[in-house]
Every structure is written in structure tokens, then in C-alpha cells.
Amino acid sequence: MFQSLNWLDDEDVQFEKTCTKGLLTTEEIEDLRFSESLSQLERATIILSDGQQSQKISLANSLPSLMVSEPSTFSEILPQFVDMTNSAPTELLTICGQCVTKLILSGRLTSHQISSCIVPLLWNHINCKEVTAHKSWINALVTFILKVPKETLLQSDVIKLALEKGNLAQKTSSRIACAEIITTLCKRLSQVEAEIFPAIRMLCQDIDYDVRSAMCSSLVDISQSIGELGTVKLLIPEINELLQDEEVQVRNTAITVLIDICPHLSKDIISQMLSPTIWPYLDIVICEKPSFTLVTVAKIFGRLGVHLADVMDEQRKEWYVRYFLKLCKPCHILNGTVENGVAESAVVDISLDSIEKKESDVRESIAFLCAYNFPAICLNVGSRLVLETGLLDTIASLASHHHYSVRRVLAAGIHEISKILGNDSRLLLPTYQTLLEDSNTEVLIALIPNLASALRSFVSPPLKGQSPTIGLPDLIPALQTQEDQISKTREWRAYTSLIEAWSEFTTILTPEQIHQKFAPRLVKLISTNAMLPVKRAVLKTLVKFLHTCKYAQQRHELAVQIVKGLSRGKKFNQRLMFVELCYLVLDKFSKKFFKEYCFTPALLLINDPTPIVRIKSSTLLPHLKSQLKMPSDRPLLQQLEASSRRSLMSERNKDVLSHIQRAVIELDQGDVKLDSEPDPDDRKRDEEQNMFIVREERHDHHVKGRTSLPEIGSLDINRKPRKSSLTSLSDTNSGPTGRARRKMSHAVMSLSSRRTSNTGSQSATTRRASMPGPQLVDVANKARKSSSVKLKSVHK
């Protein structure tokens, strides 16, 4: 009997015991309950005095919202909250620090509450030993300094507290927190150099390198607060001294800070005080072996050129380029080999945020940062030095680097380099082709956001006597390779972005290249790709290809191919996409174009075998009527009448029938314009779609005629509707159903004849077309009910 429980082994039983071990008993749950008659204030008072730790944590999290709802009685809870923190454990103390930060940020505390409760609370817990709680209360103190009024801040002796925390007798975490507090005070208060600067100097000369690095990294914010004169007098000597520090981390922080304070100083001070320090320091660093210091220099090298551009002459710019070339070549980082020529096989993900943690991957980090800063280097030195100093060879080597992260970051910024080069950007075509043919998907995805702008820079402006698209035919196979690689992945967002980027090819490539190389691929994608966002992007791109096509014959062939592939598709998804195509064509093209290519196929979908397709296509009926003009489009109007009448009479699906009835009512309320009435919007669309068409091509288009479109137009729009199980019982006109349908048809025809007979007497303004309206819906419903009753009697 117990053999069925053999699947439950001992490990599963032990796991179940572990899961149920922390569950509360019934008595414990009862202790956590409160009477519903108690107010929030009374519950908070009980929890603060005798509540459990979980309840106190929940109360601390909800205390800011309680202050908003009960501002008058909050002062009664705050003293009890202060008393609770005196004996709180670490977890609760951390939550309380976060609660105090929220209370200060809310701005609802009075000056009395701040001075009597918040300030003592901060002073009591700012020196707590636990690391998480200490950080929480330091953040609360920083928020206090930034948000409270200056008078309250000066009365709270926060400067004295900061100086005490920076004492060498304090632990390292306390002195690091002192650096943060002093920086915040400099942002808030002015003229505090006499009191605070001795503490800044003491922390910059601290015995612990973590403290020196933390204080040094804060000097940029302090420089903004004390101004140029204070920076020159107080900070620059300290930074120069930190550049000679024995610890690598401190030196790296110092050179970074020295460059970051340049935007806040004048040109004379940079040239007289900073340049004599920066350039010799960089010369010393480049002579060292690849190290963490060289990684930092590679990281800031682009900013160095931007901030010091005003003090760099042509000679210094040439030195700048030569230094960058040396930076790119230590230990053969370009081709990914070490000193003995063996290719590296270790692949580690590199990102700009995690560079400082990659001490074991110095070569890959330097190569990554060189590729990241390459656009800034080209911008700083100009296109002439880029071409004369061999930077193009370096970028070609980086494009073939063994680490994909280097190629990815280069692909993300190569369009900026092409803009800087201007007319000489065609020299980057081989490098760009190499990136387009990369085997790594992330590199290909990095090219997508700026694909069109990069290609446009390669062809604009064209050189004299050359085609605007010279060189781009070589990139077309690479662009197709990029699409093939991304289509094999699950990155549908990137694939959608790529197809959307292809829509910009109309201003870059020739019509023949688009018509022969890209349009067939997109037409095939509609039927082969299974991702709906990709299909929609394909439709939009194809519609743009049609709209900007420069040859009428190509436009006709592409339009017929798209309409046939979607409206006659074997899968219902393809026919649904045709409905979306109709809406796109209605938005972009003229009425003439829509009637020529989409009107008849749209009518055929009303009798589609799939209900969802019939529902979607029924929404097109009012739009179809709006494309007609009388009397030239009277045959199309008659087709629309016949199709809507048949679908209304033969539909047996209740959901589809309700949509058709709603569409028929909207159809009857619509207006049809006369041929003589002006239509500025339609004329504008017609001019836009034909503005690029060559007259000779248009003439050849009319002479040759159409080959495929008549097949669509010659389809029998009045084909027999689908037969359901109910209509198959009585198919002849002699039965009850036949008499009911004849009665409804006579009513529709008489209604139609009465409306069409009055068209000649109407004015030149818009008029209602002869379409079945609410009366026809009522007649159809009555006929349907009478036929069903008579069929039931026949069965009996």
C-alpha cells in the first residue's frame, strides 16, 4: 500500500521540515492581531512599546506615510520612536536610518522636531559599529545637511561632528564617512575653508590609502563649491602631492581628479599650473609595463583631450596622437597576442563600469578603452591628423581584435568617426564591412542604432564625377550577412530595429539596389518570420519603399507581389497582415493607388473562412467607402454593396455578425465625394508618391501594361458564401429560407434604387452613398429569425 510513496525520498521530507520550521503557530498569530476599532496612532503606540521586531520594522517603513495622514499627532509618536532605536538590533537600526532619511526628505518636520528628536538621534547612531547600519545613518546625516535650513544646520554643531569623525583615533570607515560629510558641507555652506580645510588636508595625508583615495575623489565637488581661487590655493598642491603617492589607487584617483577639475578653471591656470604636471606624468606612465595605472590613463584619455583642447597647439596634438598609438600597442593588444606570439584564449566580459575591477585583464581593458575613446581622439585632433598619423590602421586592427567587447564598443562609435572624417569617411568602408561581417551577434546589434547615419556619411556629399553611392555596392552583401546572422537569434527587438533602419535606405541606396537586394528579402520575411513585431516593421519598411520608389514599373511589381502574398496567403496570419497593410496604404498613398491595388482584395477578405480575418476585414468597410468618388467609382460602390449584403446575410458567427452590423451602420453614415469636388489631401499624397517617378519610366509602364494585377481584379467578388449546417438544409429558392432571402433582397434593391435615383438632385457637396444601413440590419435579423422558425417547423 505504501509503495506509491517511494518517490518521496528522505531529502524531500527534510526539505519540507525546513520549509515549515519558520511558520508561526496559532498563538503567535493571535498575538500579532489588533482590534479593528484601534486607530493607526493607537496601533503605532502599542507596537513601539510592546511590539515584536517584525512589527517594529513594518512600522518604521510606514512611519513617513503615518506622518502625512496624522500630522497633528505625529509628535506623540516621534519620542517613542527615538527611544525604540536605543535598544534596536542591527536590522531594525538600519531600517530606522532609512526611515529618518525619508522623514527629512518629506519636508514636513518642524524645526522643533528636528532639533529635539532628529539631531540627537543622528548623533547617537552615527558611530554605530555595524557596517550596514553605519551607512544608513551616514546617508541620513548627508540628507540632513542638504535639506535642513542653514540656521538649523549651523546650530546643530555638524561641523564639529565632522571634524571629530576625521580624527586619526577613529576607525577607517569613520574617516571615510568624514570625507563624505565634509564634501556635503562644502556644497551647502560658503566660507568654511578656515574650519574645514585643515580636515581636508589631514584626510589627504591619512595613513590609510582608502581614506586618501576617498578624500581625493571628493575634491572635484569641493572645487566647484570653493571656486577657482580656492582650488588654486588649497586643492591643486594637495592633488600634485597625491600624484606622487606610493599607492596605485591613490595616484589613479589623483590624475583623474586633476583632469576633471579643468572645466572649472581658466585657460591660463590650466596652461601654467596643470599642463606642466600632466604631460610629464603621462610620459612616465607610458614607459611602464601594462598596469592598472595605464588602464586609468586609457580611461581618461578622451576627456584629457577635450578638457585641454584650448591649451594644445599642433605640436602637442601630434604628441597626443603618438601617445595614443603607443597606448594601443603595449603587449600587442591589437592582435590579441602576448609576448611569445600565442593567441589568448581567455574571454572575459568587459564593460566601462567594471574596468577598475579587471586587474588581471589589463591588455583587454586597455584595448576596450582605446576603442571607446577613439571618436573623442579623432574629434580632438581633427581629420587631417587622423589621416596622416595612421589612426585608420589602428581602427582597422581594433575592428579585428580577438575580444568581442572591443569590437562591440568600436561598432557603437564608428559612425561618429565617419562624421568627423567628412568626405574622407569612405576610407572607413573596409573597417565597417569587417564589423558588418562579424560573427558575434552583440557586435552586429551595436551597429544597428546608427546604421543609416553611418551609411549616409559614406555617400554624402559625393565627390566630383563620382556616383553618390560609390563603394556601397560592396557593403550590400555585408548588410545581408548582418540580417542573416541576427535572424538566427532570438533577439527580436534588435531584428525589429534592423528592419526599421532599412527604411532609411531610400535616401542612401539606388532604386535598383533596393528593388533587387532588399525588397525581395522583406517580402519573403512576411511569410517566413514568426515574430509579429518583425512583421509589422517589415510592412512599414515595404510601404516606405513603395512610397519613395523612383520607377513606376518597380513600384507596380512590388505592390502586386506584396498584395498577392498577403491577401492570398495560405495562413490566416498573412491575411491579417494584409488588413494592416491596407491601413498603412490608406495613410500614405492616394485614393487612386489604394483602389488600384487594395480595394478588390480587401473585399474578398470579408468572405474569408477564418472568423478573425472576417472581423478584421469588416473594420475596413467604412474606409473603403471613403476612397470612392461618384460617378466614376459607381462599379466599385456596387461591389461594396454586394459584398457587404452577402456577408450580412450569410454570416452565422455571432461575434463576426455583430462586427459586420456595426461596420454596415458606420458605412451608411459615411459620405462619398463627387469627382468635381477638390480633395487637397489626396492631391498632396498623389504628388508625394509620384514626385520621383521618371516620365519615361511612367510612359513605359503604361505601354507595357500590367501582367499580374488583372488576376486580382478578375476574381469573382460575388462568389457563393460559405454554407453552414443550418443553410444546407434548405438551399433552393422554393423553401422558406429562399423566400425570406428573396424578400430581404427585394427590400435592399428597392432601398438602393430609391437612394440612387436621388443622386442627380443632390448638391455638389458630399452626399451619402447607397449602402445598406440600419434598415438592412433590421431586415436581415427579421429574415434570419423567420427562416430559423420555419426550419424548426420543417424538422418537426
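The values are calculated or read from the model by the stated rules, or taken from the named source; none is laboratory data. Keep in mind that this is a model prediction, so the values were computed, not measured. Cβ atoms come from the backbone with ideal geometry, glycine included; neighbour counts cover every protein chain shown. To get the accessible areas, we keep the full protein, side chains included, count just its heavy atoms, and leave off ligands, DNA and RNA. Shrake-Rupley method; radii C 1.70, N 1.55, O 1.52, S 1.80 Å.
Values for this structure:
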item: Estimated distance in nm for a label pair at THR110 and THR619, the labels positioned 7 Å out from Cα along Cα-to-Cβ; result: 5.9 nm
item: Vicinal HN-Hα couplings computed from phi for region 412-422 (Karplus, 6.51 cos²θ - 1.76 cosθ + 1.60; Hz; Gly/Pro x); result: 6, x, 5, 5, 5, 5, 5, 5, 5, 6, x
item: Net charge over other residues, Cβ less than 14 angstrom from the Cβ of PHE599 (K, R count +1; D, E count -1); result: +3
item: Distribution of pairwise C-alpha distances over region 575-657, 10 Å bins, in %; result: 17, 52, 27, 3
item: Heavy-atom accessible area ranking, 1.4 Å probe, most first, across LEU163, LEU648; result: LEU163, LEU648
item: Stretchable slack from GLN272 to ASP208, in nm (0.36 nm times residue separation minus alpha-carbon distance); result: 19.9 nm
item: LYS616 accessible area, assembled protein chains, probe 1.4 Å, Å²; result: 100 Å²
item: Efficiency of FRET from Cβ geometry, GLN561 and SER400, R₀ 25 Å, rounded to 0.05; result: 0.05
item: Relative counts (whole %) of C-alpha pair distances in region 42-147, using bins that are 10 Å wide; result: 15, 53, 30, 2
item: For region 511-528, 3J(HN,Hα) per residue [Karplus equation, 6.51 cos²θ - 1.76 cosθ + 1.60, θ = phi - 60°, Hz, x = Gly/Pro]; result: x, 5, 5, 5, 5, 9, 9, 10, 4, x, 5, 5, 4, 5, 5, 4, 9, 9
item: Rel. contact order, % - alpha carbon contacts under 8 angstrom, at least six apart, region 497-632; result: 19 percent
item: Fully extended contour minus Cα-Cα distance, from ASP671 to VAL131, at 0.36 nm per residue; result: 186.9 nm
item: Computed accessible area, HIS112, all protein chains, 1.4 angstrom probe, square angstrom; result: 130 Å²
item: Contour minus Cα-Cα distance for LYS289 and GLN155 (0.36 nm per residue); result: 42.9 nm
item: Distant-in-sequence amide H partners of ASP438 (H built 1.01 Å from N, under 5 Å); result: none
item: Table column - 3J(HN,Hα) (Hz), region 207-222, Karplus curve with 6.51, -1.76, 1.60, x for Gly and Pro; result: 6, 9, 5, 5, 5, 4, 5, 5, 5, 5, 5, 8, 5, 5, 5, 5
item: ALA194-GLU42 FRET efficiency (beta carbon distance; Förster radius 56 Å; 0.05 resolution); result: 0.60
item: Cα pair distances in region 86-193, grouped into 10 Å bins until the bin that holds the longest one, percent each; result: 14, 49, 33, 4, 0
item: Förster radius 30 Å - calculated FRET efficiency between ALA530 and ASP681, Cβ distance, rounded to 0.05; result: 0.25
item: Residues with amide H under 5 Å from that of LYS673, placed H, sequence gap 5 or more; result: MET630
item: Spin-label pair GLU241/ALA169, simplified geometry with 7 Å Cα→Cβ offset, distance in nm; result: 2.4 nm
item: Per residue convex hull volume, Cα atoms of region 523-607, in Å³; result: 86 Å³
item: Computed over region 150-283, the ratio Rg/Rh where both radii use C-alpha atoms and Rh is Kirkwood; result: 0.98
item: Solvent accessible area, Å² - ASP50, 1.4 Å probe, full protein context; result: 130 Å²
item: Cα Rg, Dmax, region 227-281, angstrom units; result: 10.7, 31
item: For peptides 362-373, 208-219, 601-612, 260-271, sequence by mean Cβ density within 10 Å, most packed first; result: 362-373, 208-219, 601-612, 260-271
item: Label point distance in nm, VAL311-GLU228, each placed 7 Å from Cα along Cα→Cβ; result: 1.3 nm
